[in-house]
Amino acid sequence: MSTTAPTQINTQELSEKQKRFLAPFVKCTKDVFSMMLNWEVSLVGVVTNDLNAVRHHLSGIIGLSGSMRGSLVLSVEQEVALAAATAFLGAPPENVNADVIDTVGELTNMIGGSSKDRLGLDGVSIGLPTVVCGEGHTVNFDPGAHIEMLQFQSPHGPFTVEIALTGIG
Amino acid sequence: MRVLVADDSGIMRKIIIRSLNSVGVTDIVEAADGQEAINAYNSNDIDLILTDWNMPNKSGLDVVTEIRAQGSNVPIIMVTTEAQKGQVIAAIQAGVSDYLTKPFEADDLRAKLDKFVTA
């Protein structure tokens, strides 16, 4: 378990080291939402090492393995997931059905995959995404993982991208 | 023409199928993993394949390799998040006809389809 106390800061307060580390994830998240959904999203905050951070209703989780080990979690409110699925399908789904779950999984896959490539690390592979849903659900990371939760605002509501990595400086 | 769309994500298959429909293709066979894709190819007269890379059972790269090993020249477009140079080279060496990296804009996918879709 991480021994660092959780901190929440706005984006103007990020250190240069933090900015460099987070830049690929921020860029890839913005690109995925812009290119696939035509949504402009903005980074509004960062929470570091908060094991009790509140997540939204649906979370897509994808594992990283190889020379960098950890997880990436995209967590969205139901309204965001429904709006994204509507954009993909061309018609609104009636409820949180398989298409909506798949939408969260595929967005997670694209953010994880493109971030991995933008990091430029050889020998890192990503797994297949899984999606969990429900109010107050928890996601457990590797003990000792360094966790950064990026808080974004989209035209349809807030969402977060959480990166939990082990073995980084 | 008949097109095979292979992706373990149902929503990604629907995105691709919407784009295929927009260029006039309605005869579409779906596969949710690599083995299903190979089975579908072997039991249908397929004119174009769009396949993901990371799928359960067999990968998209396995799909390309196995279909090319049969001596087939069917056009295959890899649609994937895998964008590192080594992976693109591996896919080309395996015999993909074209490569589209996710995320993509709708126009990017349509431009790829325009190259291979025939009336």
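Here are the numbers:
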{"read-out": "Per-region count, the range A:107-130, residues of a type in the set (S, T, N, Q) and within 8 Å of chain B (Cβ to nearest Cβ)", "value": "2"}
{"read-out": "Candidate set: the range A:115-146, residues that are among the aliphatic types (A, V, I, L, M) and touching a Gly at 6+ places or on another chain (Cβ under 9 Å); chosen: the one surrounded by the most Cβ atoms within 10 Å (Cβ to Cβ)", "value": "A:Ile126"}
{"read-out": "Some residue of the range B:56-72 being modelled with pLDDT under 95 and within 10 Å of another protein chain (Cβ to nearest Cβ)", "value": "yes"}
{"read-out": "Members of the range A:55-69 found to be open to solvent by 10 Å² or more (accessible area, probe 1.4 Å) and closer than 11 Å to A:Glu162 by Cα, listed by number", "value": "A:Arg55, A:Ile61"}
{"read-out": "Top-ranked residue of the range B:9-31 - restricted to ones that are of a type in the set (Gly, Ala, Ser) and either surrounded by 18 or more Cβ atoms within 10 Å (Cβ to Cβ) or away from chain A (no Cβ under 14 Å) (or both), ranked as nearest to the chain's Cα centre (by Cα)", "value": "B:Ala31"}
{"read-out": "Top-ranked residue of the range A:5-19 - restricted to ones that are part of a helix (DSSP H, G or I) and modelled with pLDDT under 80, ranked as most open to solvent (accessible area, probe 1.4 Å)", "value": "A:Gln12"}
{"read-out": "Exclusive hit being modelled with pLDDT under 95, in contact with a Phe, Trp or Tyr (Cβ under 7 Å, 6 or more places away or on another chain) and aliphatic (A, V, I, L, M), set A:Val76, A:Val44, A:Val54", "value": "A:Val44"}
{"read-out": "The range B:93-119 - residue that is in a loop (DSSP other than H, G, I, E, B) and more than 13 Å from chain A (Cβ to nearest Cβ) and, of those, surrounded by the most Cβ atoms within 10 Å (Cβ to Cβ)", "value": "B:Val96"}
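The values are calculated or read from the model by the stated rules, or taken from the named source; none is laboratory data. Just so you know, these numbers come straight off a predicted model, no measurement behind them. Because the Cβ atoms are built from the backbone with ideal geometry, glycine has one as well, and the counts that use them run over all protein chains shown. For accessibility, only protein heavy atoms count, side chains too; no ligands or nucleic acids. Shrake-Rupley method; radii C 1.70, N 1.55, O 1.52, S 1.80 Å.
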